Amino acid sequence: MANKQRPLAIVVSIATGPGLTVAACGGPQASLTVPESAKPGDLLLEPCTFKPKAGEYQADCGTLVVQENRDKVDSRLIALPVIRVHASGSNPTEPIFFLDGGPGENLNLQFKPPTALLVEHDVVMIGYRGVDGSSILDCPEVNQAMQGVGGNLLSEASRANLSDARARCAQRLQDAGVDLQGYTIVDVAADLEAARAGLDYERVNLLARGYGTRIAQTYAYLHPDRVFRSALIGPGTPGHNMVFEPETIDAQLEYYARLCAENVMCSARTADLAATMRNVTRNMPDHWLFFPIDSGKVRMASFLLLKRTGNAAMLFDAFIAAEQGDPSGLLLLQLLYDVEVPITWVAWGDFYAKSGIDYDLSRDYAAEMNPPDSILGSPFSLLLWGSDLGWPMTPVPAEFRQVHASDVQTLLVTGSIDARFPAEYVTEELLPYLSNGNHVVVAEAGHELLDVQPEAVERLLTSFYDTGVADDSLYTYVPMDFQASPSAPTLAKIMLGIALLIIAAVTAVTWLIIRRAQRRRTRRQM
């Protein structure tokens, strides 16, 4: 099968979460209910106004009604929000259906498409079942358990506690009438087809990133005649959906280490960034001043920060400083985890219902995700899969767990240092099956590809959708910036200073109130 890989000329060699405003329809976050007398496939739309990055567009907002479980005749109905933004041109071509990342995050309705795409194409955003619309699989039990127990988020006790929380959440949802078997990636692809049919489009273009690319691949497999062109940004491949291998993460850290060695500022601070990361990971201090440091949370935050190269600079800064005797930056990483993940990060029920497509019962994730010789291990996969699942996973047929040959015109865009879905996965596991596939690798970019060099992204996508040729000529080489500003230790100390000032202010006010009360009491006694 012919493969066409055309990386950017600027590519270095690779080592083997709302700005959307919608008026007149309640907005994307408005709660939905299933209309009376509704039946599966009903699409109810009203005119609304869409305001992306610039300008104002006429749009339709409304509700798509689907079955919760399409395999059951008597399944209850659920409602999903839909936004269709009308093209500004007079003769639009195939619409673009957007599929964002996740799972478990309500991002799909918050997309702000480049205005150039809206000239020739309607843009359609469909809420994901389980996280948007009338049925949301929230798991406060899991949110609480994600705080960890015993001072180590990744400990066996923490993982067992998380398993128990998943089981309790699943039982509560089922007791409330939720059919958890109806929330797989395959079901989301079916929702996409229902929306296409309801909107009366003959063919559609797909624009997907991260987890959304698995939905796009599933839809293209099920409905190849309905897909005109498909752009997959940071594409995931079967077998790697939320199962991140330690050796892959280590390879990306080694890549960063080579870039660091070529960077004057970074190389002056550490002779080997990968060795620094491994050393600090293996010898994590248990406190800074009188603040305890949870090594599990630090490792989890470290993996999450690798998603974006700008955030990775803060991560490396914290580890280098810790090796040199100042672990304050590690506490900052821990606080970032505490603020972001256990509170409102994702709807965990939706996460487990969908990300389990690649969960393998035969693997010992507790051992495999934390090998003793790894730089960082795979903390995310260790925490999420390294104990009895406790969640009633819905088996997904094998045909949806593998790559299939496709002649759909497909643009694959990856970053050269993406610790989640590295370019090698695409080159070796996905591209060989795409007879009309084209792979563009953006040098020294991570997973944030739609946010990197916006003008270049706009040219790349508009040329691909309009002509089938992906014009990457506007990309320029932007080297990795290892300068964290402010530095992680500095930011940690600033936060400590602010906290101490607040404590001092509260103490002073409390003392004044007590003094005033004492004086009043003395006057009354005189």
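Since every read-out is calculated from the coordinates, none of them should be taken as a lab result. Remember, predicted model here, so these are calculated numbers, not experimental data. Cβ placement follows ideal geometry from the backbone for every residue including glycine, while neighbour counts extend to all protein chains displayed.
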Sorted largest first, extent of region 378-450 alpha carbons per principal axis (Å): 41, 31, 20
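Expressed as a whole percent, how much of the Cα-Cα distance distribution for the chain exceeds 37 Å?
35 percent
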Beta bridges per DSSP with both ends in region 79-212, % antiparallel, nearest 5: 35 percent
Rounded FRET efficiency, nearest 0.05, which uses the C-beta distance separating ILE502 from ASP373 and R0 of 45 Å: 0.55
Orientation-averaged projected area, Cα convex hull of region 52-206 (nm²): 11.5 nm²
In Hz, Karplus ³J(HN,Hα) per residue of region 238-243 (6.51, -1.76, 1.60; θ = phi - 60°; x = Gly, Pro): x, x, 10, 6, 6, 10
Inter-label distance, nm, simple model (7 Å from Cα along the C-beta direction), THR467/ARG282: 5.3 nm
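Rounded to the nearest 500, what is the 222 nm mean residue ellipticity of the chain from helices alone, with -39500 (n - 2.57) per DSSP H run of 4+ residues and division by all residues?
So the helix-based figure for the chain works out to -12000 deg cm²/dmol.
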Partner lysines for LYS72 [C-alpha distance under 25 Å; skip if fewer than 8 residues away on the same chain]: LYS39, LYS354
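What dipole magnitude, in Debye to the nearest 20, does the chain give about its Cα centre under +1 on Lys/Arg Cβ and -1 on Asp/Glu Cβ?
The calculated dipole for the chain is roughly 2580 debye.
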Cβ-Cβ FRET estimate between GLN58 and ASP388, R0 fixed at 51 Å, reported to 0.05: 0.50
Rh (Kirkwood; distinct C-alpha pairs) - region 91-147, Å: 13.4 Å
For the chain, share of DSSP beta bridges that run antiparallel, in % to the nearest 5: 50 percent
Residues of type lysines that LYS493 reaches as a straight line, Cα spacing below 24 Å, ignoring anything fewer than 8 places off in the same chain: LYS297
Charge-dipole axis of region 83-234 as Lys and Arg at +1 and Asp and Glu at -1 on Cβ define it, positive-most pick from LEU232, SER163, ILE96: LEU232
Separation between Cα centres of region 181-246 and region 130-167, rounded to whole Å: 27 Å
Nearest-20 debye value, region 389-502 charge dipole, Cβ charges on Lys, Arg, Asp, Glu: 540 debye
Loop-resident sites, region 232-279, for GluC sites (Glu not before Pro), counting at most 13 other Cβ within 10 Å (DSSP): GLU262
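Chymotrypsin sites (Phe, Trp or Tyr not before Pro), restricted to region 402-503: which are DSSP loop and have at most 13 other Cβ atoms within 10 Å?
In loop regions of region 402-503 (DSSP not H, G, I, E or B), the sparsely surrounded chymotrypsin sites (Phe, Trp or Tyr not before Pro) are TYR477.
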Partner lysines for LYS112 [C-alpha distance under 24 Å; skip if fewer than 8 residues away on the same chain]: LYS51, LYS53, LYS307
